[in-house]
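Colleague: Got a structure for you, questions after.
The values are calculated or read from the model by the stated rules, or taken from the named source; none is laboratory data. Being a predicted model, the structure only gives us computed values, none of them experimental. Heads up, the Cβs are rebuilt from the backbone with ideal geometry, glycines too, and the neighbour counts pull from every protein chain shown. Just so you know, the surface numbers come from the protein's heavy atoms only, side chains and all, with ligands and any DNA or RNA stripped out. Shrake-Rupley method; radii C 1.70, N 1.55, O 1.52, S 1.80 Å.
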Amino acid sequence: MQTLLLGPDDVAEHADLPAVIDAVESAFAADARGDTIMPAKSYIDLPQYNGDFRSMPAYVNAGEWDAAAIKWVNVHPDNPTDHDLPTVLGTLIYSDPETAFPLAVMDGTVLTRLRTGAAAAVATDYLAIEGARSLGLVGAGTQAYTQLAAIATVRDIEEVVVADRDEAKQQAFVERFGDRFDVRPGTIEDAAACDVLSTITPVESPIVERAWLGERTHVNAIGADAAGKHEHDDQTLLDAKLVIDDYEQCTHSGEINVPWGEGVLTDDDLHGELGSIVAGDLAGREPDDGITLFDSTGLAIQDVAAAHVTYEHANGDGDGTPFSLVGTDST
């Protein structure tokens, strides 16, 4: 038996976004049913390199399929300037849960980008108004591209407003999508007034004011993925129907982590986890709802779901590079 090596181009080609969204939705539902195993994300902090490693293992039984994987990923902010490397580099090992054979080793960086967008799409589908037509983006980096592509699969997005301090990034985004959407650069206030808002920044002091949001805006809070990060006004979190991806991760390192630590937010302020909504155990958007907010920290079950789609498509098409990774002699 051989393991399939899938580089970033292979992942981008075979991680069909609508299929990834469906698989991530199934993973959320499986988690709510108790059909997943997902140990807490573990960290190796490396202050001497201004970075860290994170290990994210999980098993998902989605009913029609089951799979296991572990992602080894980092955050090294100095990489772009000091080493001409991305801030985040991920590697994922995808295994057969029955035999433990490593079916694939694949790029985890593209995979992470896609599964993050897919999670926002799932949340948007359950929490945004049905007639949502406008999308605001705060941050014009790589994830903004995936947010638009993913969210546009669950809502008929027509107008897009992108805000970023870097005007060149704004303009590049406008040029990339200008032929498909009415897309324009704008301020954070402009973006926040849209039907759906995705924020994708690493800030540690809120930059989106409560007063700027539309009366029924759905917010995907993507940027906070470590303790101390905080994009949104505390009043927004208090006023919104507040949905999280995972209790332990969000209270530790999600959008809610700072006000949670200060006692501004408590369990009473949480509507619940997205998985419970997907599974039908908890209501999503209801007619009288105003602002909704999804706190997305990124879960290992999402990586498993995205890796499942990627492997099955690549293997079915005969793509990737087979190689001998582990010995299989049982004697």
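Colleague: What strands (runs of 3 or more DSSP E) lie completely within the range 219-331 and have 3 or more residues being open to solvent by 40 Å² or more (accessible area, probe 1.4 Å) and in contact with a Leu (Cβ under 7 Å, 6 or more places away or on another chain)?
Modeller: Of the strands (runs of 3 or more DSSP E) lying wholly inside the range 219-331, those with at least 3 residues that are open to solvent by 40 Å² or more (accessible area, probe 1.4 Å) and in contact with a Leu (Cβ under 7 Å, 6 or more places away or on another chain) span 321-323.
Colleague: Let me ask something additional. Looking at 81, 99, 112, 91, which one is open to solvent by 50 Å² or more (accessible area, probe 1.4 Å), in a helix (DSSP H, G or I) and not acidic (Asp, Glu)?
Modeller: Criteria check complete, one pass: 81.
Colleague: I'd like the residue in the range 1-20 that is open to solvent by 10 Å² or more (accessible area, probe 1.4 Å) and among the aliphatic types (A, V, I, L, M) and, out of all such residues, is farthest from residue 152 (Cα to Cα).
Modeller: Top of the filtered list is 1.
Colleague: Can you pull out every residue in the range 194-208 that is in contact with a strand residue (DSSP E or B) (Cβ under 9 Å, 6 or more places away or on another chain) and among the charged types (D, E, K, R)?
Modeller: Answer for the range 194-208, where residues must be in contact with a strand residue (DSSP E or B) (Cβ under 9 Å, 6 or more places away or on another chain) and among the charged types (D, E, K, R): just 195.
Colleague: In addition: I'd like to know if the range 158-176 contains one or more residues that are more than 25 Å from residue 18 (Cβ to Cβ) and of a type in the set (Val, Ile, Thr).
Modeller: For the range 158-176, residues more than 25 Å from residue 18 (Cβ to Cβ) and of a type in the set (Val, Ile, Thr): absent.
Colleague: State all residues of the range 59-78 that are part of a loop (DSSP other than H, G, I, E, B) and either touching an Asp or Glu at 6+ places or on another chain (Cβ under 7 Å) or buried (at least 19 other Cβ atoms within 10 Å of the Cβ) (or both); if no residue qualifies, say none.
Modeller: 62, 76, listed by residue number.
Colleague: Counting just the residues of the range 23-58 that are part of a loop (DSSP other than H, G, I, E, B) and open to solvent by 40 Å² or more (accessible area, probe 1.4 Å), which one comes out farthest from residue 275 (Cα to Cα)?
Modeller: The selected residue is 50.
Colleague: Still on this model: So which residues in the range 149-184 are buried (at least 21 other Cβ atoms within 10 Å of the Cβ) and of a type in the set (D, E, K, R)?
Modeller: 155, 164 - these are the residues of the range 149-184 that are buried (at least 21 other Cβ atoms within 10 Å of the Cβ) and of a type in the set (D, E, K, R).
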